[in-house]
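Asker: Would you mind keeping the following structure in view while I ask a few things?
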Amino acid sequence: MKPVPSSAQTLARIERGLRMVTVPMPHLAGLAAAVRCSIDDRVPTMGVFASGRMVANRQFVAKLKENELIFVLAHELLHLALRTHDRAKGSGRLEFNYAHDYIINDILRAELGFTHVPAGGLDMPGAKEKSAEQIVLEMRKNGEQMQSKTQVWDGQAISARGALNKSGQGGGQSADDAGDVMDDAKERELFPECKNGQADQAKQMRAAAARALALGKAMGAMKGRGVEAGELTQTVMALRGMYKTPWEVAMQKWIESVAPGERTYIRPSRREVTGDIVLAGRKRESWMLNVVLDTSGSMTDEISPALGAIADFCEQLSIDEIRLVQCDAAVTGDEMLSPEALADYQISGFGGSDLTPAMRGLAEDARVTAALVITDGDIAFPPEEMPYDVLWVITPGAYASFNPPYGHVIRMQQGGRA
């Protein structure tokens, strides 16, 4: 049996591999230089932390041919470039890890000339043309039929549902063992000395990731819907049914109070029910829900679940039309949509943080009697009270001190999924 290379030999091979990654993918050179590699056999294969620490198992690396190692290293760098750690917030961390793995491997297969994904990696041809959120929804909906692996590297064939259930639900395997996008707590467990500098290193890596992504775009190397996160324009897959917490009740009461028309059993509700129960619907009246969406840069990770929640409520309350006004420091979109249209919707902006143009614009429209404002609270807004009812929907992890002088405020909380 061939002896396993030492940690020093494995580290030297990885560092050489990182340099080789930059030959076909020069836009990753900054990230390749910034990552810090640790050889640690406590991890089953290879993974990366938001701080830029990359960890690798000696036996796993020893099994890889040179071109396969380059593929795997490029894969880990792309997790940093696409900010998988940050974008997984608000979704299941492992399922988002899997979704980005499908996208990244589909990109690299073409970029590096592979006919298959090496190292037993996840494979979904065409994944780079989908958003990660769309793939997450496919795994939730068709998880029993979708082919997947027990872990992202060196995994055994299994259904997507089985892979996600195996980790963290009585299967004896942690998410960090199955995935390669590893969390801060795991890094502190493995490397206690990193605790003090962890946040600063993560901030530096986000800056390096932004440069890598921008350079890749400029070079035409980053193509497809799956890599659009954090750019000036982003296609958002609304995550439906993600939030099931008490704030929903407050939001529903507000919408009920401002919606015209009474409840009637003549028009049954479209809300899903079980058994023979029929819920009262609302008499048909011409009414649309006005939504002001904060599309400032700080909202990148919050928009998908927020739009999903709005779509859910509109269907439940028989609201057929939504006026969605996008605004960062200026109005970047003003469209009439159906709730279904929110499922795959292009967001523009990701610049400043001033909702004044959107809210004052609605004030000039005599038809507007109520508006729902989705924001993280880090914004400017009109100091004067608007001539319409305002419901401020504050996203999770937002500014606790946000206390506007008018309107009602409810705060989203991350809860269990439907």
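The values are calculated or read from the model by the stated rules, or taken from the named source; none is laboratory data. Remember, it's a predicted structure, so these values are computed and weren't measured experimentally. Cβ: placed from backbone, ideal geometry, glycine included. Neighbour counts: every protein chain shown.
Asker: Answer with yes or no whether Leu112 is farther than 21 Å from Ala209 by Cα and over 24 Å from the mean Cα position of the chain (by Cα). I'd like the intermediate steps shown before the answer.
Answerer: Values: farther than 21 Å from Ala209 by Cα: no; over 24 Å from the mean Cα position of the chain (by Cα): yes.
The answer is no for Leu112.
Asker: Please find, among Glu76, Glu95, Glu68, the residue that is of a type in the set (D, E, K, R) and at pLDDT below 95. Spell out how you get there, then give the answer.
Answerer: Working: Glu76 fails: at pLDDT below 95; Glu68 fails: at pLDDT below 95.
Selected residue: Glu95, the only one of Glu76, Glu95, Glu68 that is of a type in the set (D, E, K, R) and at pLDDT below 95.
Asker: Hey, can you tell me all the residues within the range 21-54 that are surrounded by fewer than 17 Cβ atoms within 10 Å (Cβ to Cβ), among the hydrophobic types (A, V, I, L, M, F, W, C) and not in a helix (DSSP H, G or I)?
Answerer: Val23
Asker: Can you confirm whether Leu78 is of a type outside the set (Phe, Trp, Tyr) and within 14 Å of Arg16 (Cα to Cα)?
Answerer: Against the criterion (of a type outside the set (Phe, Trp, Tyr) and within 14 Å of Arg16 (Cα to Cα)), Leu78 does not qualify.
Asker: Could I ask something else about it? Mind telling me which of the residues Asn67, Asn57, Asn97 ends up being closer than 29 Å to Ile135 by Cα, crowded, with 24+ Cβ neighbours inside 10 Å and among the polar types (S, T, N, Q)? Walk me through it before giving the result.
Answerer: Numbers: Asn67 fails: crowded, with 24+ Cβ neighbours inside 10 Å; Asn57 fails: crowded, with 24+ Cβ neighbours inside 10 Å.
Of Asn67, Asn57, Asn97, the one residue that is closer than 29 Å to Ile135 by Cα, crowded, with 24+ Cβ neighbours inside 10 Å and among the polar types (S, T, N, Q) is Asn97.
Asker: Which of the numbered conditions does Ala400 fail, given that it passes all the others? Conditions: (1) at pLDDT below 85; (2) surrounded by fewer than 18 Cβ atoms within 10 Å (Cβ to Cβ); (3) within 25 Å of Ser257 (Cβ to Cβ).
Answerer: All conditions are met except number (3).
Asker: From the list Asp301, Asp378, Asp312, exactly one residue is in a loop (DSSP other than H, G, I, E, B), modelled with pLDDT under 85 and closer than 20 Å to Gln134 by Cα. Which is it?
Answerer: Asp301
Asker: Can you name the condition, by its number, that Trp153 falls short on among (1) within 24 Å of Leu73 (Cβ to Cβ); (2) touching a Ser or Thr at 6+ places or on another chain (Cβ under 6 Å); (3) of a type outside the set (Lys, Arg); (4) modelled with pLDDT under 90?
Answerer: (4)
Asker: If you take the residues of the range 385-397 that are touching a helix residue (DSSP H, G or I) at 6+ places or on another chain (Cβ under 9 Å) and in a loop (DSSP other than H, G, I, E, B), which of them is farthest from Val258 (Cα to Cα)?
Answerer: For the range 385-397, the residue satisfying everything is Pro396.
Asker: When the residues of the range 134-162 are filtered to those that are among the basic types (Lys, Arg) and farther than 11 Å from Leu122 by Cα, which remaining residue is surrounded by the most Cβ atoms within 10 Å (Cβ to Cβ)?
Answerer: Looking at residues that are among the basic types (Lys, Arg) and farther than 11 Å from Leu122 by Cα, I get Arg140.
Asker: Just give me the residues in the range 330-361 being part of a helix (DSSP H, G or I) and either at pLDDT 85 or above or touching an Asp or Glu at 6+ places or on another chain (Cβ under 8 Å) (or both), in sequence order. So that I can check it myself, show each step before the final result.
Answerer: Taking the range 330-361 as the starting set, the residues that turn out to be part of a helix (DSSP H, G or I) are 339-343, 356-361.
Answer for the range 330-361, where residues must be part of a helix (DSSP H, G or I) and either at pLDDT 85 or above or touching an Asp or Glu at 6+ places or on another chain (Cβ under 8 Å) (or both): Pro339, Thr356, Pro357, Ala358, Met359, Arg360, Gly361.
Asker: Separate question: Exactly one of these conditions fails for Thr115: (1) among the β-branched types (Val, Ile, Thr); (2) surrounded by fewer than 18 Cβ atoms within 10 Å (Cβ to Cβ); (3) in contact with a Leu (Cβ under 8 Å, 6 or more places away or on another chain). Give me its number.
Answerer: (3)
Asker: Quick check: anything in the range 87-99 farther than 30 Å from Ala309 by Cα and not in a helix (DSSP H, G or I)? Explain how you work it out, then say what you get.
Answerer: In the first step, residues of the range 87-99 are kept if they are farther than 30 Å from Ala309 by Cα; the result is none.
For the range 87-99, residues farther than 30 Å from Ala309 by Cα and not in a helix (DSSP H, G or I): absent.
Asker: Further question on the same structure: List the pairs whose first member sits in the range 2-15 and is farther than 10 Å from Val61 by Cα and assigned to a loop (DSSP other than H, G, I, E, B), whose second member is of a type in the set (Val, Ile, Thr) and at pLDDT 95 or above, and whose Cβ atoms are under 9 Å apart, counting only residues at least 6 apart or on separate chains?
Answerer: Close Cβ pairs satisfying both conditions: Ser6/Ile39.
Asker: Quick check on Lys141: is it under 21 Å from the mean Cα position of the chain (by Cα), in contact (Cβ under 8 Å) with a residue 24 or more places away in the chain and in a helix (DSSP H, G or I)?
Answerer: no
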